[in-house]
Every structure is written in C-alpha cells, then in structure tokens.
Amino acid sequence: MRKIIPGEKIDKKELRDFAKMAGRAYVNDPVHSYATKNPERRVKFVYHFTMERLNTSNGEDYIYVDDEGRGICVWRKARNEYGVIDFLKCRDWLYLYWFWPNTLRTLFAYGALDVKNFDEDTWIISPVFVDPEHQGEGVATELIKEGIKDMTAMGYKCGLEAQSEKNVKFYEKLGFKITGTSRYEKGNVTHYYMVYDENQI
C-alpha cells in the first residue's frame with residue numbers, strides 16, 4: 001500500500017486512471033443515479049466530477065493507494081469545505097459545463113451535507129472506491145483500516161458520509177457508527193454521518 005501525505009502529489013496520469021475507475025465504481029451511487037439518469041452519461045460525468053475532486057485532494061489530503069492499483073481512499077479534514085477557487089484549479093470544470101444540469105443536481109444533492117456534524121479534529125473518507133472487477137476482495141477494507149490506524153495515531157477522529165444503507169452496514173463492520181443524518185428530499189437521498197468508535201468492532 002502506498003500513502004501520499006499532504007505536500008506530496010500523484011501524477012496527472014494516475015489521477016485520470018483513478019477517475020476512470022470512479023466512473024465505473026459509482027455507476028449505481030444514489031446521488032449520481034439521481035443526478036444523471038443515463039448510465040453511460042453517468043460514467044462520463046463521474047469521471048470529470050472525480051477529476052475535480054482528486055485534483056483538489058492532490059497535495060492537500062492523505063491518499064492511500066492499493067499497490068496493485070485496484071482502489072484508492074482519500075482522507076480530508078472534515079471542516080475543509082472546498083470553494084470556487086478550488087473548483088477552478090482543475091480544467092475539468094470546463095467539461096462539467098457540458099454536463100451542467102447533472103452538475104447542478106449533484107451539487108444540490110451533496111449540498112444537503114453539513115460538515116458541522118463532525119468535530120474540527122475529524123478527518124473523513126472522501127472518497128473511497130475500488131475497481132468493480134476487484135470489489136469484494138477486501139481492498140477498500142484494507143485501505144480504510146490503514147487510514148484509521150494512521151489518523152488515530154496522530155490524535156484525530158475518523159468519520160465519513162454514506163448515502164446508502166448497504167454502505168452503512170459495511171462501515172459499521174469497520175467500527176463506524178451513525179451520529180446523524182440529513183435529507184435531500186427532491187433526490188430521495190439520505191446522508192448518513194458516521195464516526196469511528198473502536199468499541200463498535
């Protein structure tokens with residue numbers, strides 16, 4: 001497993017490869033399924049959306065990469081909300097212009113999230129995904145466990161946001177517990193706020 005710490009960067013080619021992986025991995029994600037109905041268009045949109053997200057993380061956050069390139073897990077400070085300047089740092093915002101209805105629906109759905117649900121010393125998983133061909137092999141579990149080990153050793157709390165009950169059950173097995181929810185009624189999307197508690201394991 002490779003760990004990229006704040007101040008280090010992943011090269012652009014690798015970022016693009018992971019963004020392509022995200023397009024496949026998030027094809028059934030509740031938010032993206034609501035925002036982009038057509039699956040083929042959804043894969044393309046998620047690619048550009050993830051490129052924006054990973055470019056913002058690149059050099060700022062803790063990023064864990066599977067040695068075989070099967071998955072990635074990003075940890076960012078919970079209260080670090082990204083703004084317009086961060087959005088413009090990556091030129092993929094130009095491509096998102098062609099997906100503007102999908103972009104707006106996605107941002108409105110995610111806009112229901114409230115980072116104040118987390119303490120200031122909390123780092124959250126944002127995002128984690130694994131190539132669909134390798135899901136079920138324990139890749140995400142190992143990436144997340146390594147992050148938890150490092151974050152707790154540095155004195156930080158660990159958290160995340162989930163949008164499906166299936167994912168909630170997965171995270172509960174890793175020691176996370178629900179501490180709150182918020183709801184985007186128009187998209188029928190529930191956001192679950194979860195915090196790591198070693199006593200849950």
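Among residues belonging to region 83-97 that are modelled with pLDDT of 75 or more and surrounded by 12 or more Cβ atoms within 10 Å (Cβ to Cβ), point out the one that is nearest to V189 (Cα to Cα). Outline the logic, then answer.
Of all residues in region 83-97, those modelled with pLDDT of 75 or more come to 92-97.
Keeping just the survivors that are surrounded by 12 or more Cβ atoms within 10 Å (Cβ to Cβ) gives 92-93, 95-96.
On the way: D92: 26, W93: 24, Y95: 25, L96: 22 Å.
Looking at residues that are modelled with pLDDT of 75 or more and surrounded by 12 or more Cβ atoms within 10 Å (Cβ to Cβ), I get L96.
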Restricting the search to region 1-19, which residues are surrounded by fewer than 17 Cβ atoms within 10 Å (Cβ to Cβ) and under 19 Å from K44 (Cβ atoms)?
K12, K13, R16, D17
Filter result for the condition that a residue is among the acidic types (D, E), in contact with a helix residue (DSSP H, G or I) (Cβ under 9 Å, 6 or more places away or on another chain) and open to solvent by 30 Å² or more (accessible area, probe 1.4 Å), over E68, E52:
E68
Across region 145-166, which residue is nearest to the chain's Cα centre (by Cα) among those that are open to solvent by less than 80 Å² (accessible area, probe 1.4 Å) and more than 20 Å from I63 (Cα to Cα)?
Q163
Cβ pairs under 7 Å, 6+ apart, first in region 14-34 and without any contact (Cβ under 8 Å) to a residue 60 or more places away in the chain, second open to solvent by 40 Å² or more (accessible area, probe 1.4 Å) and of a type in the set (S, T, Y)
A19/Y47; K20/Y47; G23/Y47
Determine if region 20-36 includes at least one residue that is in contact with a strand residue (DSSP E or B) (Cβ under 6 Å, 6 or more places away or on another chain), in a helix (DSSP H, G or I), at pLDDT 95 or above and closer than 17 Å to A140 by Cβ.
yes
Cβ-Cβ below 6 Å, separation at least six or inter-chain, first residue in region 145-165 and among the acidic types (D, E), second open to solvent by 60 Å² or more (accessible area, probe 1.4 Å) and modelled with pLDDT under 95: which pairs?
E146/M1
Failed item, numbered, when T179 is tested on (1) outside any strand (DSSP E or B); (2) open to solvent by 60 Å² or more (accessible area, probe 1.4 Å); (3) at pLDDT 95 or above; (4) farther than 26 Å from I5 by Cβ
(1)
Does G175 meet the test of being over 16 Å from the mean Cα position of the chain (by Cα) and in contact (Cβ under 8 Å) with a residue 24 or more places away in the chain?
yes
Only one of (1) in contact with a Cys (Cβ under 9 Å, 6 or more places away or on another chain); (2) farther than 19 Å from L94 by Cα fails for G69. Which number is that?
(1)
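Quick grid of which residues meet (1) over 19 Å from V46 (Cβ atoms); (2) of a type outside the set (D, E); (3) modelled with pLDDT under 95:
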residue	(1), (2), (3)
K116	yes, yes, yes
T122	yes, yes, no
V128	no, yes, no
P132	no, yes, no
K145	yes, yes, no
D150	yes, no, no
Y156	yes, yes, no
Those residues of region 106-144 that are surrounded by fewer than 21 Cβ atoms within 10 Å (Cβ to Cβ) and assigned to a helix (DSSP H, G or I) come to a total of 11
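G155 - would you say it is assigned to a strand (DSSP E or B) and farther than 18 Å from F49 by Cβ? Give the steps one after another, and end with the answer.
On the way: assigned to a strand (DSSP E or B): no; farther than 18 Å from F49 by Cβ: yes.
Considered against the rule, which asks whether it is assigned to a strand (DSSP E or B) and farther than 18 Å from F49 by Cβ, G155 comes out as no.
The values are calculated or read from the model by the stated rules, or taken from the named source; none is laboratory data. All figures in this text were calculated on a predicted structure; none of them were measured in a lab. Note that we place each Cβ from the backbone using ideal geometry, even for glycine, and neighbour counts take in every protein chain shown. What goes into the accessible areas is simple: the full protein's heavy atoms, side chains included, and nothing from ligands, DNA or RNA. Shrake-Rupley method; radii C 1.70, N 1.55, O 1.52, S 1.80 Å.
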